[in-house]
Amino acid sequence: MHLFCGDITTILSEIKSKDPELFGYINSELERQRTGLEMIPSENFTSEAVLQACGSVLTNKYSEGYSGKRYYGGNEFIDSVESLAVERAKKLFGVPHANVQPYSGSPANFEVYLALCKPGDVVMGLNLTDGGHLTHGWKTSATGLIYKSVPYHVKKDGYTDIEEARKLAIENKPKLIWVGATAYTREFPFEEFAGIADECGAYLAADISHIAGLVVGGVHKSPKDYAHVITTTTHKTLRGPRGAMIMVTERGLKKDPGLSDKIDKAVFPGMQGGPHDHIVAGIAIALLEASKPEFKEYAAQIVRNSRALAEGLMKRGQKLVTNGTDNHMVLMDLTQFGAGSGIFAQEALEASGITVNKNTIPGDPSSPFYPSGIRLGTPALTTRGMKEKEMEIIAGLICGCLGEIKKYKLPADKEQRAKYIGSFKTEISASETIAENRKKVADMASLFPLYPKMGL
Ligand code: DSN
């Protein structure tokens with residue numbers, strides 16, 4: 001058997017010779033990323049160092065347990081890798097305890113429930129269609145099926161309804177409250193939620209998956225002095241591999257000195273088996289990168305870009321939830337194009353090489369599958385080096401694409417929708433405006449090369 005430990009180019013060349021079909025798909029995806037504008041707010045481009053760690057020999061190891069306490073032999077170096085990641089996470093986020101083993105954000109959040117709640121306990125989180133995450137208690141998620149979820153909402157202006165959350169917490173006495181979201185464009189009210197959690201005796205968990213990089217970069221308030229537990233994915237603004245972490249704060253240990261142990265036991269053996277050590281190594285590198293001064297500048301530029309994008313869209317007549325943004329994300333309210341028009345916007349933009357995702361808006365007149373908004377984010381474009389000037393151009397391109405969807409309306413009859421959207425896609429692919437935009441997008445993308453060393 002041929003073994004290798006080369007760089008990422010070598011690894012891809014191995015795939016090319018052994019499995020040309022798979023290689024073709026990976027290569028096409030690389031080309032898609034290179035030639036388009038990636039604007040899904042939860043996506044980013046990791047460094048080549050992170051990619052190398054994720055493709056490394058660490059994938060070969062089993063290491064159930066924790067550093068120094070494993071159920072398998074041969075973990076001398078894995079222990080060092082995991083300890084490095086843990087220590088870097090603790091230092092970067094200013095917390096006394098970090099678990100870097102969660103496979104991704106949803107398992108991480110579920111592990112928090114497992115650590116702190118019993119089935120049937122009351123839990124609270126931001127309602128999904130108001131911007132909350134599935135795992136914050138949505139009815140079709142295990143978190144809403146196993147626990148009694150009492151969601152809070154945003155107000156008409158799109159900001160969190162703190163008063164409603166306080167009232168619901170006092171009435172329902174939740175065991176666990178989540179602060180954090182997946183489609184929210186303003187600063188999270190950590191301090192207010194700490195007060196609410198204290199009033200009703202709940203644990204407060206801050207899910208900072210979207211904004212972890214902004215917190216580290218100093219452009220979003222940290223939850224460390226307010227929450228008891230912090231969860232985050234590692235692949236969004238933090239720009240690491242696809243994984244997650246759970247952290248316990250000093251405040252958490254003050255409320256419950258056994259909290260770290262409860263979290264660790266919930267991760268393993270409660271929910272997971274062997275950690276993905278290659279991903280833990282990628283997390284360690286991402287945390288090192290995020291500790292550098294240039295990451296602060298990166299985080300600040302993400303927000304400057306997001307604001308420039310918001311301005312560019314609003315001055316062209318687009319409606320944004322909360323009329324702007326404080327973070328990496330813009331949430332467009334497309335109800336002026338008709339209820340459920342997020343799908344048309346997503347498809348028209350994709351045909352132009354701009355990748356976004358359809359998303360519900362607060363009080364959405366349609367449904368989560370056919371929502372009336374789209375989410376746009378700047379983390380990936382900022383990684384490529386784009387600045388405010390490019391955001392202004394992109395805002396113009398987006399509005400040009402949206403001009404093409406005006407005449408399309410989501411059929412009220414659900415049976416007709418798939419066929420209608422199929423015809424829409426065919427028609428949009430023949431649009432001259434879309435074709436011109438596709439060229440402009442590719443030209444702009446080529447000015448900001450992505451993975452230039454990855455020669456295929
Ligand atoms: N799917 C992630 C996002 O896009 O925000 C959250 O899990």
Out of (1) assigned to a helix (DSSP H, G or I); (2) away from the ligand (no atom under 16 Å from the Cβ), what's the single condition that is false for ALA98?
(1)
Return the residue satisfying two criteria in turn: it lies in the range 101-129 and is away from the ligand (no atom under 16 Å from the Cβ) and of a type in the set (A, V, I, L, M, F, W, C), and of such residues it is surrounded by the most Cβ atoms within 10 Å (Cβ to Cβ).
MET124
Tell me the residue from LYS439, LYS406 that is closer than 21 Å to MET314 by Cβ and either in a loop (DSSP other than H, G, I, E, B) or more than 25 Å from the chain's Cα centre (by Cα) (or both), please.
LYS406
Can you report the number of residues in the range 106-147 which are over 23 Å from MET247 (Cβ atoms) and touching a Gly at 6+ places or on another chain (Cβ under 7 Å)?
2
List every residue pair whose Cβ atoms lie under 7 Å apart, where the two residues are 6 or more positions apart in sequence or sit on different chains, the first residue falls within the range 77-100 and is closer than 13 Å to TYR66 by Cα, and the second residue, located anywhere, is outside any helix (DSSP H, G or I) and small (Gly, Ala, Ser).
ILE78/SER63; ASP79/SER67; ASP79/GLY68; GLU82/SER67; SER83/SER67; VAL86/ALA98
Being over 30 Å from the mean Cα position of the chain (by Cα) and surrounded by 13 or more Cβ atoms within 10 Å (Cβ to Cβ) is the filter here; which residues of the range 409-426 pass it?
PRO411, TYR420
So which residues in the range 122-147 are in contact with a helix residue (DSSP H, G or I) (Cβ under 8 Å, 6 or more places away or on another chain) and outside any loop (DSSP other than H, G, I, E, B), if there are any at all?
VAL122, VAL123, MET124, LEU126, LEU128, LEU134, THR135, HIS136, ALA142, THR143, ILE146
Which residues, counting only those in the range 409-436, are touching a residue at least 40 places away in the same chain (Cβ under 8 Å) and part of a loop (DSSP other than H, G, I, E, B)?
LYS409, LEU410, SER431
Of everything in the range 367-401 that's out of contact with any helix residue (DSSP H, G or I) (no Cβ under 8 Å at 6 or more places or on another chain) and farther than 17 Å from GLN301 by Cα, which residue is surrounded by the fewest Cβ atoms within 10 Å (Cβ to Cβ)?
PHE369
Helices (runs of 4 or more DSSP H) contained in the range 174-293 and holding at least 3 residues away from the ligand (no atom under 16 Å from the Cβ):
190-200, 250-255, 259-265, 277-290
May I ask you to say which residue of VAL122, VAL86 is of a type in the set (Val, Ile, Thr) and more than 28 Å from ILE170 (Cα to Cα)?
VAL86
Selection from the range 316-343 of residues surrounded by fewer than 23 Cβ atoms within 10 Å (Cβ to Cβ) and in a loop (DSSP other than H, G, I, E, B) yields ARG316, GLY317, GLN318, GLY324, ASP326, GLY338, ALA339
Looking only at the range 134-173, count every residue that is touching a residue at least 60 places away in the same chain (Cβ under 8 Å), more than 16 Å from the ligand (Cβ to nearest atom) and crowded, with 19+ Cβ neighbours inside 10 Å and tell me the total.
2
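Bear in mind these aren't lab numbers, they're just calculated from the coordinates by the rules spelled out. Here the structure is a predicted model, which means the values were calculated and not measured. Cβ: placed from backbone, ideal geometry, glycine included. Neighbour counts: every protein chain shown.
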